[in-house]
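Q: So that we are looking at the same thing, I have put the structure below in structure tokens.
Just so you know, all these numbers are worked out from the coordinates, no wet-lab data involved. Just so it is clear, the structure is predicted and the values come from calculations on it, not from any experiment. All Cβ positions, even for glycine, are placed from backbone atoms using ideal geometry, and neighbour counts span all protein chains on display.
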């Protein structure tokens with residue numbers, strides 16, 4: 001059995017939905033289909049979810065929502081018309097939306113949550129109707145009836161343990177299940193949404209619950225690339241990578257998957273296949289528990305900017321038990337999580353994402369470290385980028401660090417930081433932001449271009 | 001004005017003391033001479049300080065000390081006889097030793113401290129007598145009369161701020177001052193010793209107090225070497241290095257200077273010259289505040305073994321504010337100071353000196369991290385070595401990391417860890433202990449052999 005998830009761009013128009021029908025119909029193992037809300041049809045288009053959020057805001061401010069409601073309904077209606085569905089389904093969706101808008105506004109968060117989630121919910125109803133219209137045995141199943149119980153944490157819901165048990169019954173359901181992504185139901189029966197990209201989370205939870213053989217995730221790219229295509233033109237595709245590699249790549253700006261989305265599939269060891277709705281014949285990228293290392297030490301290169309480093313120097317620092325811990329404690333007082341802590345004998349640098357600080361917090365932290373820890377020297381450097389080389393093959397191969405640092409040296413790039421030695425799957429280089437792209441290109445050239 | 005310190009091997013015999021006389025007499029700027037106790041004359045010889053400690057122990061146990069006292073006196077006497085001094089000075093030293101042994105034993109620590117320190121104290125009296133005998137204008141000055149006030153921290157005394165003011169008067173003293181190293185006097189008038197190698201500390205304090213132009217430290221080597229001569233035969237000598245470089249090298253097993261000894265000279269910016277008593281014409285090694293980078297990116301390579309790494313993995317670790325700090329807090333509960341903390345996205349490794357732990361502490365730490373922090377994975381690897389590349393030139397030169405890691409790769413050495421980015425003066429590589437020497441040799445070859 002395969003659990004299949006389609007993203008917003010795969011469901012944005014009748015033409016796209018037609019492709020989805022073919023994909024589902026072409027493989028009888030594709031039994032559970034998770035759908036997002038209709039996404040963008042073209043670059044400047046609006047996503048239905050964004051329109052729903054605006055709609056909720058206007059309603060809460062007592063403003064007129066009729067134009068927005070019409071625009072939302074029109075999105076579903078266009079798809080229904082393109083695919084020649086009867087008006088019944090659109091009436092049902094319109095009804096649902098109006099009922100939600102007339103609902104209890106005393107709890108604005110719950111009101112907004114229900115409206116946001118309706119994008120996926122109504123789209124699942126529509127897609128089920130499309131499948132039926134095409135003669136496929138299919139039915140809409142709601143998170144409520146399936147028992148997708150979640151915590152009451154709006155915008156960041158977590159599936160409760162009992163959800164998995166209840167959802168496991170879906171495998172006995174006859175025909176194709178069309179299930180809305182993005183949300184679950186709390187114990188009080190209210191709609192609670194996952195974090196953004198939450199449809200991936202729904203798919204991953206369902207794949208785990210029914211112990212699927214495969215979780216197929218259809219998007220609009222042929223594969224996960226070895227490097228950001230905005231930095232390197234036409235980069236190589238990744239055929240297969242491990243969960244761990246995916247996680248390390250996603251840290252460095254690869255946004256194919258939301259980190260959390262992979263956890264339920266990862267826990268059950270279910271392979272994930274990222275595929276393209278517009279080119280379903282392409283093999284896509286498989287994310288697995290373990291892979292054979294056949295393609296050199298690296299699977300990909302990721303990078304991200306917006307880091308800053310806080311340098312602290314103090315003579316004889318390394319004799320002071322607790323010095324490093326005390327610095328981290330000061331950062332914690334301002335909610336700062338650190339990324340890395342390279343250290344010398346008498347100095348230590350904490351690397352943090354600079355959007356966690358403003359000038360005032362930064363000045364306070366510097367002052368506190370200086371005064372409370374009697375540091376000799378402290379300075380902050382902004383605008384650093386981190387480049388991650390990712391690959392489980394790295395450990396087996398002597399010389400990866402040598403190849404990488406030589407490639408950077410040849411490109412005339414000064415390495416601000418090297419962090420290697422904890423993860424067996426990644427190696428990290430710090431460079432100034434203004435040479436980030438040049439550095440990534442040099443590394444891609446070294447490891448992938450031949 | 002120069003402050004000059006002579007180590008134990010420079011004062012172990014009449015022949016050696018003769019060399020010291022020539023060195024001091026040959027430069028009228030050498031006005032303050034700090035002496036250690038007589039050291040070893042040959043490999044299996046005893047140091048006077050060690051004999052004095054045994055003597056104190058025996059006395060405290062009510063055992064006979066006469067043979068040991070005779071052996072100690074004999075060491076001074078031999079020197080006096082070789083240099084044809086009158087017996088007066090030996091009588092004075094014998095008297096002093098017997099008085100100390102008959103002293104108050106109600107405070108065993110104070111009793112031992114006074115006895116230990118007498119090695120330097122009596123040697124200063126002897127050397128002053130030698131200088132006078134040679135017709136030099138010289139006198140013994142005790143820490144008490146000079147005002148070298150220290151904290152009451154036996155074996156780890158710290159000079160008090162007022163000491164510097166009082167000691168500054170030494171610069172107005174006529175003739176050559178011979179001053180015992182290794183100890184000061186607390187406010188109660190008791191002798192308190194510095195840490196071992198404490199004569200270096202005395203020299204550094206006096207150099208600071210009189211604002212000497214130079215602090216000459218005479219030992220038995222021509223210079224500080226670029227690498228451990230037990231690992232690389234006949235390594236190049238270092239002509240000049242900065243305090244910071246010295247400190248980083250000394251971390252990695254370079255034992256020319258005790259870390260602390262340099263602080264007072266460092267604070268006053270006084271250059272230190274390490275020289276050889278047996279070859280005073282050799283330029284030796286100068287330790288300075290700043291140097292011109294004329295000899296490539298590195299000044300030296302140091303290494304040390306006996307480290308272990310504690311690996312902790314947890315999915316989504318990098319979202320948890322305080323995770324790293326909590327690990328360090330657990331280590332602190334057992335008095336462990338960490339050396340380095342390389343980190344990945346979902347993992348973090350703490351590198352510690354393994355002599356800080358026994359099997360039981362290790363098992364407890366592993367259990368606590370697992371249970372209290374819900375780590376997915378934790379394992380400890382022993383027998384790691386750290387290699388430090390040291391040099392202030394490193395930052396200016398692109399490609400140092402590339403040269404180093406390429407040299408290691410060519411030698412077939414797997415790099416367990418790279419730590420670069422905090423210190424501007426060093427770069428650290430972790431390797432397994434069994435390839436430490438091979439790694440150091442490969443790095444020496446790359447950076448120094450040409």
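Q: What is the Cα centroid distance between region B:394-417 and region B:128-146, reported in whole angstrom?
A: 53
Q: Now a separate question. Given the Cα-Cα distance of residue B:376 and residue B:220 and 0.36 nm per residue of separation, how much length would full extension add, in nm?
A: Numbers: separation 156, 0.36 × 156 = 56.16 nm, distance 5.34 nm.
Fully extending the segment from residue B:376 to residue B:220 adds 50.8 nm.
Q: Could you grab the Rg to Rh ratio for region A:325-416? Cα atoms only, Kirkwood for Rh.
A: We get a ratio of 1.05 for region A:325-416.
Q: Helix A:359-373: angle to the longest alpha-carbon principal axis of chain A, degrees 0 to 90, nearest 10?
A: Value to nearest ten degrees: 40.
Q: Next question, about the same structure. State the antiparallel share, in %, of DSSP beta bridges confined to chain A, rounding to the nearest 5. Walk me through the numbers on the way to the answer.
A: Working: 40 of 66 bridges.
Percentage antiparallel, nearest 5: 60.
Q: Let me make sure I get this right: for region A:176-330, a, b and c are the square roots of the gyration tensor eigenvalues over alpha carbons, sorted descending. Under 1.5 in a/c it's rounded, otherwise prolate if a/b > b/c, else oblate. Which is it?
A: Oblate.
Q: Taking the Cα centroid of region B:327-380 and of region A:308-333, what is the distance between the two, rounded to the nearest whole Å?
A: Going from one Cα centre to the other spans 18 Å.
Q: If you rank A:272, A:17 by fewest surrounding Cβ atoms within 10 Å, what's the result?
A: In order of increasing Cβ crowding within 10 Å: A:17, A:272.
Q: Do the sum for chain B: with -39,500 (n - 2.57) for every DSSP H run of n ≥ 4, divided by all residues, what is the mean residue ellipticity at 222 nm, to the nearest 500 deg cm²/dmol?
A: Working: 14 runs with 168 residues, N = 450.
After summing the helix terms and dividing by the residues of chain B, the value is -11500 deg cm²/dmol.
Q: Rank the residues B:160, A:386 as a footprinting-exposure proxy: fewest other Cβ atoms within 10 Å of their Cβ go first. Write out the running numbers ahead of the final one.
A: Numbers: B:160 17, A:386 25.
Fewest-to-most Cβ neighbours within 10 Å comes out as B:160, A:386.
Q: For a Förster distance of 22 Å, can you work out the FRET efficiency between the beta-carbons of residue B:102 and residue B:57, rounded to the nearest 0.05?
A: Here the calculated transfer efficiency is 0.85.
Q: For a Förster distance of 60 Å, can you work out the FRET efficiency between the beta-carbons of residue B:213 and residue A:237, rounded to the nearest 0.05? Display every interim value, and only then the final one.
A: Values: r = 68 Å, r/R0 = 1.13.
So the FRET efficiency works out to roughly 0.30.
Q: For chain A, calculate the relative contact order in percent as a whole number, restricting contacts to Cα pairs under 8 Å that are 6 or more residues apart.
A: 13
Q: Then there is this: For the Cα atoms of chain B, what angle does the longest principal axis make with the long axis of helix B:14-25, in degrees from 0 to 90, nearest 10?
A: It works out to around 90 degrees.
Q: Further, regarding this structure: Residue A:424 to residue B:196: FRET efficiency via 1/(1 + (r/R0)^6), r the Cβ-Cβ distance, R0 45 Å, to the nearest 0.05?
A: So, using R0 = 45 Å, E works out to roughly 0.65.
Q: Taking neighbour Cβ counts within 10 Å as the exposure measure, how do B:22, B:340, A:258 sort from fewest upward?
A: With the fewest neighbours first, B:22, B:340, A:258 line up as B:22, A:258, B:340.
Q: Considering only DSSP beta bridges with both partners in the protein assembly as shown, what is the antiparallel share in %, to the nearest 5?
A: 60
Q: Indicate the gyration tensor shape class of region A:125-237 (rounded, prolate or oblate), computed on the Cα atoms with a ≥ b ≥ c the square roots of the eigenvalues: a/c under 1.5 is rounded; otherwise a/b larger than b/c is prolate and the rest oblate.
A: Oblate is the answer for region A:125-237, as a/c is 1.5 or above yet b/c matches or exceeds a/b.
Q: Sticking with this one: Considering only C-alpha atoms, what is the centroid distance from region A:49-87 to region A:170-207, in Å?
A: Taking the Cα centre of region A:170-207 as reference, the centre of region A:49-87 is 22 Å away.
Q: Stokes-Einstein at 20 °C, 1.002 mPa s, Kirkwood radius from Cα pairs: D for the protein assembly as shown in µm² s⁻¹?
A: D, rounded to a whole number, is 67 µm²/s.
Q: Still on this model: Let me make sure I get this right: for region A:51-172, a, b and c are the square roots of the gyration tensor eigenvalues over alpha carbons, sorted descending. Under 1.5 in a/c it's rounded, otherwise prolate if a/b > b/c, else oblate. Which is it?
A: Values: a/c = 2.77, a/b = 1.04, b/c = 2.67.
It comes out oblate by the Cα gyration axes.
Q: Rounded to the nearest 5, what % of the DSSP beta bridges within region B:202-340 are antiparallel ones?
A: The antiparallel proportion sits near 40 percent.
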